[in-house]
Every structure is written in structure tokens, then in C-alpha cells.
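J.: This is the structure I have questions about; it appears just below.
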């Protein structure tokens with residue numbers, strides 16, 4: 001028969017290394033070293049930015065300053081505290097564990113001791129990590145898991161809004177189409193769909209009309225700035241089938257209202273080599289030669305690049321079966337799994353910051369079984385986290401978006 005225990009645990013202080021730190025520091029981009037982590041950020045932390053030119057002068061026996069003024073600015077890490085709270089019925093939690101403990105295809109008795117508090121933590125850990133990954137990059141407004149009230153703009157929205165960032169748009173003939181209509185079923189009418197294919201991801205901008213996305217219910221959100229997987233409907237139309245932000249929930253997109261004009265922006269197999277070539281040509285040489293410099297791209301752009309490599313590999317055995325190397329002319333391409341569509345960011349990891357406070361009182365993970373105290377046959381879990389993100393030098397960032 002199954003043996004199990006439930007321990008009332010509160011993980012704080014040093015114990016965070018095993019549990020709480022996992023939720024904050026095992027987000028995908030943190031594990032790959034794409035962000036610089038600063039610990040012990042208890043309140044606003046100032047990051048000093050100092051920059052200056054270099055002037056090579058004539059030799060002189062008397063010291064003569066080069067005559068330039070160092071540019072000093074500040075950026076900030078403003079930590080936000082937020083929580084995940086979950087209550088589950090004891091018997092259903094135990095049932096989940098028992099089903100997982102059985103060997104595949106076997107309905108046998110089993111022996112084993114498990115701490116169900118650990119099991120409850122583990123079943124939500126990956127989802128919390130994904131939520132934090134989205135929060136770090138996309139900000140609260142584009143992270144549907146984020147329901148707290150504090151402001152958390154995220155790295156990509158902050159970079160898009162910052163002055164000094166080298167910004168490039170996709171509103172060019174090779175990467176955009178003019179839409180003349182979007183109906184209430186999500187059918188988009190354009191002049192020609194020959195450069196698009198099923199599964200491409202498009203971003204809608206310059207919208208004229210009342211089209212709204214009701215995937216998550218009425219009244220819906222405007223489709224301006226939203227990205228969608230598409231299916232080709234005809235030579236002059238395609239259907240918006242799933243919002244890119246719903247890739248994990250797999251909800252089909254639904255709409256209300258119509259539009260009379262919009263711009264459809266996209267990076268796909270037809271243009272990805274041209275886009276990457278243009279990006280490469282515009283990168284700052286002083287930044288791109290640094291070891292911690294990366295080009296960060298969403299998953300669909302990585303797929304398009306791999307497919308384009310295979311298409312170009314004429315007379316190469318296994319061109320469509322071998323895994324493709326994700327770099328472009330020697331620059332690493334980092335595939336971002338929970339990111340913004342049709343976006344490319346060029347940045348050094350030493351220029352992007354994540355602030356946490358792992359040993360502070362505001363960071364806590366606890367599980368409590370209430371029956372011994374209230375006779376309620378339920379288990380409660382609370383994970384309280386504290387984080388902040390920002391960048392340092394805006395003029396060292398390259399940002400391409402729709």
C-alpha cells in the first residue's frame with residue numbers, strides 16, 4: 001500500500017536555495033545566462049551608467065584633459081513583491097500523486113514514502129518558472145498569469161519605449177503586407193499570400209476598425225499589436241487561428257467586430273535570411289564582438305531560420321533531418337520560448353539585469369495541511385516572490401519589432 005506524509009513547511013532564509021530560488025532563477029533565460037542576476041535587492045537599487053568618448057591627443061609634458069564631459073545617468077531596479085496562492089483538496093492531491101506513482105501499464109500495489117508538500121510544490125514549479133520568464137521579458141500587461149496591481153513593465157516594453165535604443169521596424173515590403181479587411185471570423189484580406197504559409201506568425205499593427213480578440217472572453221482586447229498563428233485560406237486571404245500568447249493554453253482565437261485596414265508584419269522562411277542579414281549589418285561592432293553578446297529571437301523565427309538553412313542546402317545529404325546550428329555568421333542566436341513574436345533583440349547579458357532578494361523576508365514558500373488545525377481537509381501553498389528587471393546602456397541595445 002502507498003505510504004505518504006505531509007509536512008507543514010516554510011522555506012525561508014538558506015533553504016530558499018532548493019525551492020524558492022528555483023521559481024525566480026530557473027527561468028529559461030536566467031539558466032542560459034542571458035540576464036545578470038543581482039541578489040539582495042530589498043528596495044530601489046541604483047545602477048550607475050557612466051559613458052564617455054576617447055580622444056587621442058598629442059604628447060605633452062603638461063597634463064591636458066581631453067576636454068570631454070563624462071555622461072552620467074542612472075537606471076533603477078524597483079523590486080515588486082507578488083504571490084502564487086493555491087488551495088487543493090487533500091484527497092484529490094493524494095489521488096494525483098498515486099496516479100503518478102504507478103508504473104506505466106501496471107495496476108499493482110506499490111511501496112514508497114513521499115512528502116506530499118514537496119510533490120505539491122513540484123507540480124506548480126515549472127508553470128511558475130514560465131510565468132516569471134514571461135513577466136521578466138513581456139511585463140505584467142502581456143503576462144496573463146500576472147494579476148497583481150503593482151507596475152512591472154518588463155524588459156522588452158521598457159526597451160521599446162527607451163530613447164537611445166537602436167530600433168528597427170518590420171514595415172518594409174519584404175516583411176509586411178497591407179490588409180484591406182479583417183472580418184469577425186478573423187479572416188484577413190490582402191493582395192497576395194504567396195509569401196506566407198500555414199503556421200506563420202503575423203503581428204497586426206496600424207489597425208483601422210473595431211476588431212477585438214475575445215479568446216479569453218468579452219469584451220475582448222484590441223488586436224492592435226497582437227500576434228497570431230495563421231492558416232492560408234486563399235490566394236488573397238488567411239485566417240488568424242491562435243493568439244501567440246495562447247500557445248500554452250492552445251485556445252483557438254475568436255473575434256468580434258471588423259477592420260477596414262491594417263498592416264500585417266511577419267518574419268518567416270521567405271524573409272528570415274534577409275532580416276538576419278539586415279540585423280547583422282546594423283549591429284554595433286564594439287558590442288557584437290563581446291563574448292556575452294547574443295541575438296535573441298522567438299521560437300517561430302528560429303524555426304524559419306532552420307527551414308531556410310535546409311532549403312538552401314542543395315545536394316546536401318540529410319539537409320532536412322540534421323539539427324541546424326543556431327547562429328548567424330558567428331553570432332549566437334538564442335531561441336526564446338516564451339517571448340514576443342516577430343522581435344529580435346541584440347544585447348549583452350551584462351547590460352540586462354534581474355534583481356531578486358532570495359534571503360529577504362519578502363521571499364517565502366510555504367505549504368500547510370489545515371486538517372489538524374481547522375478540520376478542513378485541504379492543503380494550502382503560498383509562494384511569495386520579489387523581482388525587478390532593467391537595462392543599463394540603452395545605446396548598446398539593438399531592437400527589431402513590428
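The values are calculated or read from the model by the stated rules, or taken from the named source; none is laboratory data. Keep in mind it's a predicted model, so treat the numbers as computed, not measured. Cβ coordinates were reconstructed from backbone atoms using ideal geometry, including for glycine residues, and neighbour counts include every protein chain displayed.
J.: Cβ-Cβ below 8 Å, separation at least six or inter-chain, first residue in the stretch 367-384 and free of Cβ contacts under 8 Å to residues at least 24 places away in the same chain, second surrounded by fewer than 18 Cβ atoms within 10 Å (Cβ to Cβ) and assigned to a strand (DSSP E or B): which pairs?
T.: If the second residue must be surrounded by fewer than 18 Cβ atoms within 10 Å (Cβ to Cβ) and assigned to a strand (DSSP E or B), the pairs left are 370/378; 370/380.
Residues checked against (1) under 30 Å from residue 393 (Cα atoms); (2) modelled with pLDDT of 85 or more:
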{"residue": "55", "(1), (2)": "yes, yes"}
{"residue": "68", "(1), (2)": "yes, yes"}
{"residue": "71", "(1), (2)": "yes, no"}
{"residue": "78", "(1), (2)": "yes, yes"}
{"residue": "88", "(1), (2)": "no, no"}
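J.: Continuing with this model, one more query. Among the residues of the stretch 54-75, which ones are under 40 Å from the mean Cα position of the chain (by Cα) and part of a loop (DSSP other than H, G, I, E, B)? Let's see the steps before the verdict.
T.: Here is the first cut: in the stretch 54-75, the residues under 40 Å from the mean Cα position of the chain (by Cα) are 54, 68-75.
Of everything in the stretch 54-75, those that are under 40 Å from the mean Cα position of the chain (by Cα) and part of a loop (DSSP other than H, G, I, E, B) turn out to be 54, 68, 69, 70.
J.: Is at least one residue of the stretch 94-102 surrounded by fewer than 16 Cβ atoms within 10 Å (Cβ to Cβ), assigned to a loop (DSSP other than H, G, I, E, B) and at pLDDT below 90?
T.: yes
J.: Now, a different point. Scan the stretch 332-347 for residues that are over 19 Å from residue 278 (Cα atoms) and either touching a strand residue (DSSP E or B) at 6+ places or on another chain (Cβ under 7 Å) or crowded, with 18+ Cβ neighbours inside 10 Å (or both) and jot them down.
T.: Going residue by residue through the stretch 332-347, those that are over 19 Å from residue 278 (Cα atoms) are 336-340.
336, 338, 339, 340 - these are the residues of the stretch 332-347 that are over 19 Å from residue 278 (Cα atoms) and either touching a strand residue (DSSP E or B) at 6+ places or on another chain (Cβ under 7 Å) or crowded, with 18+ Cβ neighbours inside 10 Å (or both).
J.: Another question, if that's okay. Among the residues in the stretch 232-246, are any in contact with a strand residue (DSSP E or B) (Cβ under 6 Å, 6 or more places away or on another chain) and farther than 25 Å from residue 308 by Cα?
T.: There is no residue in the stretch 232-246 that is in contact with a strand residue (DSSP E or B) (Cβ under 6 Å, 6 or more places away or on another chain) and farther than 25 Å from residue 308 by Cα.
J.: Ok, one more. Would you check if there is a residue in the stretch 266-275 being loosely packed, with under 15 Cβ neighbours inside 10 Å, more than 22 Å from residue 172 (Cα to Cα) and over 21 Å from the mean Cα position of the chain (by Cα)? Lay out the reasoning, then the answer.
T.: Start the filter on the stretch 266-275 by keeping residues that are loosely packed, with under 15 Cβ neighbours inside 10 Å, which leaves 274.
This time we only want the ones that are more than 22 Å from residue 172 (Cα to Cα), so: none.
No, there is no match, as no residue in the stretch 266-275 is loosely packed, with under 15 Cβ neighbours inside 10 Å, more than 22 Å from residue 172 (Cα to Cα) and over 21 Å from the mean Cα position of the chain (by Cα).
J.: Can you tell me which residue is nearest to the chain's Cα centre (by Cα) among those in the stretch 282-297 that are under 29 Å from residue 225 (Cα atoms) and in a loop (DSSP other than H, G, I, E, B)?
T.: Looking at the filtered set, the residue picked out is 283.
J.: Considering (1) within 30 Å of residue 361 (Cα to Cα); (2) out of contact with any strand residue (DSSP E or B) (no Cβ under 8 Å at 6 or more places or on another chain); (3) at pLDDT 75 or above, say which one residue 17 fails and leave the rest.
T.: For residue 17, the exception is condition (3).
J.: Which residue pairs have Cβ atoms closer than 6 Å, lie 6 or more positions apart in sequence or on different chains, and pair a first residue in the stretch 233-253 that is free of Cβ contacts under 8 Å to residues at least 60 places away in the same chain with a second residue that is in a helix (DSSP H, G or I) and loosely packed, with under 13 Cβ neighbours inside 10 Å?
T.: Sorted first by the residue in the stretch 233-253, then by its partner, the list stays empty.
J.: Could you please give the count of residues in the stretch 76-93 that are part of a strand (DSSP E or B) and within 30 Å of residue 152 (Cα to Cα)?
T.: So the first thing to find is which residues in the stretch 76-93 are part of a strand (DSSP E or B), and the list is 76-77, 80-89.
Within this subset, residues satisfying the condition of being within 30 Å of residue 152 (Cα to Cα) are 76-77, 80-88.
Of the residues in that region, 11 qualify.
J.: Can you tell me which residues in the stretch 144-164 are crowded, with 20+ Cβ neighbours inside 10 Å and over 17 Å from residue 356 (Cβ atoms)?
T.: If the condition is that a residue be crowded, with 20+ Cβ neighbours inside 10 Å and over 17 Å from residue 356 (Cβ atoms), then 156, 159 are the ones that fit.
J.: State all residues of the stretch 282-309 that are modelled with pLDDT under 95 and surrounded by fewer than 16 Cβ atoms within 10 Å (Cβ to Cβ); if no residue qualifies, say none.
T.: 284, 285, 286, 289, 290, 291, 292
J.: As an exercise: evaluate residue 3 against (1) surrounded by 10 or more Cβ atoms within 10 Å (Cβ to Cβ); (2) modelled with pLDDT under 80; (3) touching a strand residue (DSSP E or B) at 6+ places or on another chain (Cβ under 6 Å) and give the number of the one condition it does not meet.
T.: Result: residue 3 fails condition (1) only.
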